[in-house]
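Colleague: Sending over a structure as C-alpha cells; questions will come in a sec.
The values are calculated or read from the model by the stated rules, or taken from the named source; none is laboratory data. Predicted, not measured: the structure shown is a model, and the values here were computed from it. All Cβ positions, glycine included, derive from the backbone under ideal geometry; neighbour counts span all protein chains shown.
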Amino acid sequence: MIVSMKKHTASLQKPIQEMEASKTDVRPPLVLSEKIVAQSRIFTVQSQALEFSNGTQVLYERLLGSEQGAVLIIPMLDDDTLLLIREFCIGVGRYELGFPKGKVDPGETWESASIRESQEEVGYKPAQVRLLDSVSMAAGYMTHHTHIVLATGLTLEPCEGDEPEPLEVVPWKLDDWPALLQHPDFSEGRAYAALLLLLKETGRLK
C-alpha cells in the first residue's frame, strides 16, 4: 500500500510542476468596464466586463466588501478553553455556534476592532491579539475578507454592542475539537478555518 501511494504521488509531481510553470504564461484578465448595478443598506453589487488572455469577454457581477474587512476572534480563556457564541444568523435562518466577529469600522485597525468585538460579544478584553491569517469568504463573487485573530490574556470587561439580543457565551475545551466539528450548529466556513488555524497554532495538528 505504501509503495502504491508513493507511485501515485510521483505521478502527480510532473502535472503539478507543469501547472506551476504555466502560471507565468497567463496574464490576469483586462478590465474593460465596471459599474455599480445595485445597492442596498448593506450590499453593493458591481458588474465588471473582463477580457481574458485568449480573447474571451465575460460580464461578471460581484459583491463589494469594505476595504477594512472584518475580524473573527478566537478568545482563549486559558490554554485549553476557547469561547464561542451562539447567535441567530439571518443567512441560514437559525442559531449558529461560532466565534465572535464583526466588521472593522472606519478609523479602526484589525487590532482595535478585535478588542472591541471581543468585549461586546463575549465580555472579555484581550491583553494580546495576534493575526493568524486573512481569508476570503467566497472568492468567486465577493471581495470581502476576514482577519482571523487569536485573543489571549482575557480580562472580564464587557462593553455594550449592537446585538438585538444577549448572546450566549459557550466555553469549549479545545481538546474536544472533534466534537465541535461534528456539532450541527457549527457550520460556517470561517469558523472551520479559524479552528484549523488554532489547532495548528497550538500544536494539536501537524
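Colleague: Out of everything in the stretch 166-202 that is part of a loop (DSSP other than H, G, I, E, B) and charged (D, E, K, R), what residue ends up being surrounded by the fewest Cβ atoms within 10 Å (Cβ to Cβ)?
Modeller: Residues of the stretch 166-202 part of a loop (DSSP other than H, G, I, E, B): 166-167, 183-188, 202.
Narrowing the set further to residues that are charged (D, E, K, R) leaves 185, 188.
On the way: ASP185: 15, GLU188: 19.
Among residues in the stretch 166-202 that are part of a loop (DSSP other than H, G, I, E, B) and charged (D, E, K, R), the one surrounded by the fewest Cβ atoms within 10 Å (Cβ to Cβ) is ASP185.
Colleague: Shifting gears a bit: So the check is Cβ under 6 Å with 6+ separation or different chains; which pairs have a first residue in the stretch 127-139 that's assigned by TED's automatic domain parsing to the domain that holds ASP78 and a second one that's in a strand (DSSP E or B) and among the polar types (S, T, N, Q)?
Modeller: Partner pairs satisfying both residue conditions: GLN128/THR152; VAL135/THR146.
Colleague: Taking GLN57 as meeting all but one of (1) loosely packed, with under 13 Cβ neighbours inside 10 Å; (2) over 22 Å from GLU201 (Cβ atoms); (3) in the same structural domain as PRO184 (by TED's automatic domain parsing); (4) at pLDDT 95 or above, write down the number of the exception.
Modeller: (3)
Colleague: Same structure, new question: Can you say whether GLY98 is crowded, with 17+ Cβ neighbours inside 10 Å, small (Gly, Ala, Ser), touching a residue at least 60 places away in the same chain (Cβ under 8 Å) and more than 21 Å from GLU201 (Cα to Cα), as far as the supplied structure shows?
Modeller: On the way: crowded, with 17+ Cβ neighbours inside 10 Å: yes; small (Gly, Ala, Ser): yes; touching a residue at least 60 places away in the same chain (Cβ under 8 Å): yes; more than 21 Å from GLU201 (Cα to Cα): no.
No: the conditions fail for GLY98.
Colleague: Take the conditions outside the structural domain of ASP175 (by TED's automatic domain parsing), of a type in the set (A, V, I, L, M), closer than 25 Å to VAL31 by Cβ and exposed (fewer than 14 other Cβ atoms within 10 Å of the Cβ) and apply them to LEU50. Does it pass? Walk me through how you get there before you give the answer.
Modeller: Details: outside the structural domain of ASP175 (by TED's automatic domain parsing): yes; of a type in the set (A, V, I, L, M): yes; closer than 25 Å to VAL31 by Cβ: yes; exposed (fewer than 14 other Cβ atoms within 10 Å of the Cβ): no.
So LEU50 fails the test.
Colleague: A follow-up question, please. Being among the hydrophobic types (A, V, I, L, M, F, W, C), in contact with a helix residue (DSSP H, G or I) (Cβ under 8 Å, 6 or more places away or on another chain), surrounded by 13 or more Cβ atoms within 10 Å (Cβ to Cβ) and not in a strand (DSSP E or B), is that true of even one residue in the stretch 106-120? Quick ask: steps written out before the conclusion?
Modeller: Start the filter on the stretch 106-120 by keeping residues that are among the hydrophobic types (A, V, I, L, M, F, W, C), which leaves 110, 113, 115.
Next, from what is left, pick out any that are in contact with a helix residue (DSSP H, G or I) (Cβ under 8 Å, 6 or more places away or on another chain): none.
No, the stretch 106-120 has no match at all.
Colleague: Looking at GLU117, GLU87, GLU96, can you tell me which residue is modelled with pLDDT of 95 or more, in contact with a Cys (Cβ under 8 Å, 6 or more places away or on another chain) and closer than 20 Å to LEU195 by Cβ?
Modeller: Details: GLU117 fails: in contact with a Cys (Cβ under 8 Å, 6 or more places away or on another chain); GLU87 fails: in contact with a Cys (Cβ under 8 Å, 6 or more places away or on another chain).
It is GLU96.
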